[in-house]
Amino acid sequence: MRALLLCLALFSSLATARDLSEGFVEIRPGVRLHVEHYLAKNGQPTLFLLNGLTYDTGNWTELVKSLKALNPDLGIVLYDMQGQGKTLLETRDPRIDLPIETQVQDLRDLRKALNIQGRTFV
């Protein structure tokens, strides 16, 4: 019985890992963002979670676990915006002035770069 439970737990974690793409995505020339993307399945929407001022993708771990437990087919995109988290570590460009228009364009470009079709929520 323990072996069966261990196998099921292992299979579950492997299935989750395959559904997750993580790394840097170039959204337009010269602009790359660190992204964690859980693919939407079976016609489910994709939810973009936006970081607050000093947050990064790691701050969403518990919420993502809860959301995936409620709906394993839900698509989720976490990303470190310009000046945040792993994106900041790669660029070393702590821009203080990042207008909302640029942030909106980044979100649009990221959605396009990830080829996300269907309903999305922010």
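What's the center-to-center distance, using Cα atoms, between the stretch 74-122 and the stretch 20-34 in Å? Between the Cα centres of the stretch 74-122 and the stretch 20-34 lies a distance of 9 Å. In the assembled protein chains, GLU22 presents an accessible area of approximately 110 Å² (probe radius 1.4 Å).
Note on LEU63 and LEU98: their simple-model spin labels are 1.6 nm apart, each label 7 Å out from Cα toward Cβ.
Here the average projected area of the convex hull drawn through the C-alpha atoms of the stretch 31-118 stands at 5.7 nm².
Only lysines eight or more places from LYS68 in sequence, or on another chain, were considered; those with a Cα closer than 19 Å are LYS41. In terms of accessible area, using a 1.4 Å probe and ignoring ligands and nucleic acids, ARG28, ARG119 rank largest first as ARG119, ARG28.
The values are calculated or read from the model by the stated rules, or taken from the named source; none is laboratory data. Since the structure is predicted, the reported quantities are computational estimates derived from the model, not experimental observations. Virtual Cβ from ideal backbone geometry, glycine too; neighbours counted across all protein chains shown. These area figures cover heavy atoms from the full protein model, side chains too; ligands, DNA and RNA do not enter into them. Shrake-Rupley method; radii C 1.70, N 1.55, O 1.52, S 1.80 Å.
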